[in-house]
Ligand SMILES: [Fe+2]
C-alpha cells in the first residue's frame with residue numbers, strides 16, 4: 001500500500017530542510033510507489049535550465065515520487081509547456097519520471113484515496129516582482145479551470161478523501177488571522193469557500209500552504225515546516 005505525505009512550500013531548494021533525512025527519516029523506508037505532495041510554491045520549474053535540471057534531478061534521486069500543486073511562486077508559463085497526461089484519473093504535467101505536477105480542478109485516485117487538487121494563489125508581493133521574470137498572471141486559475149473543478153468534483157458527488165490547495169478558503173484565511181488582504185480574499189479563496197457553503201464538499205482533510213505557518217483548524221491544515229502522513 002502506498003504511503004502519502006504532504007508538506008508545505010519548498011520554494012525551489014530554499015525550504016528543503018523539512019524533507020531532508022533528519023527531519024523526514026521515513027523516506028529511508030519509502031519507494032517510488034510512495035508519495036510526497038508539496039502544497040504549492042514548489043518553485044522547481046522557473047524556466048532556468050540549469051537550476052530546474054538540478055532540482056528535478058535531486059527529486060528524482062529521492063526514494064519517493066514527488067507530486068505538487070502549483071502555488072503563486074512558480075513559472076506558470078514554463079509549467080504550461082509540459083505535455084498534459086491523464087494519470088490516476090486526473091490531468092498532470094509530467095515533469096520527469098517521478099516528479100509530477102497535479103493540475104488544477106482535478107480529482108485523483110492515489111493509493112486508494114481520492115484527492116482534489118487546485119493550485120494557484122494571489123501574490124502579496126506582486127509589486128516587487130516583474131511579469132514574465134518573477135511573476136506570472138497564471139498564478140490565478142482561468143474560468144475554464146474553475147468550471148473544470150466544479151465539474152470534476154460534481155462527478156464525485158462533491159465527496160473526496162483529501163483536498164490539496166495552495167491557498168485556503170477565505171473564511172479560514174480570515175479566522176487564521178492571515179492579515180494580508182491579497183492572500184486572504186480573492187476569487188480563488190472565495191471559490192474555496194463556496195465549495196463549503198454552496199456545494200457542501202465532504203472531505204476528511206484539507207491541506208494548504210501559502211501562509212508559511214503550521215496551524216490546524218479542525219479538518220483544515222496549514223503546512224509549512226511540518227510534513228504529515230495521510231492515512
Ligand atoms: Fe510560499
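Just so you know, all these numbers are worked out from the coordinates, no wet-lab data involved. None of the values given here were measured: they were computed from a predicted structure. Backbone-built Cβ (ideal geometry, glycine too); neighbour counts: all protein chains shown.
Tell me, in nm to one decimal, what length is gained between residue 113 and residue 85 on full extension, where the rule is 0.36 nm per residue of separation less the Cα-Cα distance? Write down the numbers at each step before the final one.
Details: separation 28, 0.36 × 28 = 10.08 nm, distance 1.97 nm.
8.1 nm is the gain from fully extending residue 113 to residue 85.
For the chain, a Gaussian network of Cα nodes joined below 10 Å ranks 131, 60, 85 by mean-square fluctuation, and the top entry is 131.
How do 91-99, 1-9 rank on mean C-beta neighbours within 10 Å, highest first?
Numbers: 91-99: 17.4, 1-9: 20.6.
So the peptides 91-99, 1-9, ranked by packing, come out 1-9, 91-99.
Fewest neighbouring Cβ atoms within 10 Å first, the residues 58, 65 line up as 58, 65. Highest mobility in the GNM of the chain, judged by mean-square fluctuation with C-alpha springs under 10 Å and restricted to 115, 38, 127, is found for 127.
Multiplying the residue separation of residue 159 and residue 22 by 0.36 nm and subtracting their alpha-carbon distance yields 45.7 nm.
In this rough spin-label picture, where each label sits 7 Å from Cα along the Cβ direction, the residue 49-residue 127 distance is 3.7 nm.
Once fully extended, how much extra length lies between residue 144 and residue 190, figured as 0.36 nm per residue of separation less the alpha-carbon to alpha-carbon distance? Working shown, then result.
On the way: separation 46, 0.36 × 46 = 16.56 nm, distance 1.64 nm.
Contour length minus the Cα-Cα distance gives 14.9 nm.
In the chain, helical runs assigned H by DSSP with n ≥ 4 each contribute -39500 (n - 2.57); averaged across all residues and rounded to the nearest 500, the mean residue ellipticity at 222 nm is -6000 deg cm²/dmol. Using a cutoff of 8 angstrom between alpha carbon atoms and counting only pairs six or more residues apart, the relative contact order for region 81-133 works out to 22 percent. Treat the chain as a sphere of radius equal to its Kirkwood radius over Cα pairs and apply Stokes-Einstein at 10 °C in a medium of 1.306 mPa s; give the translational diffusion coefficient in µm²/s, rounded to a whole number. The diffusion coefficient I find is 91 µm²/s. Normalising the average separation of contacting C-alpha pairs (under 8 angstrom, six or more residues apart) by the number of residues puts the relative contact order of region 4-230 at 22 percent.
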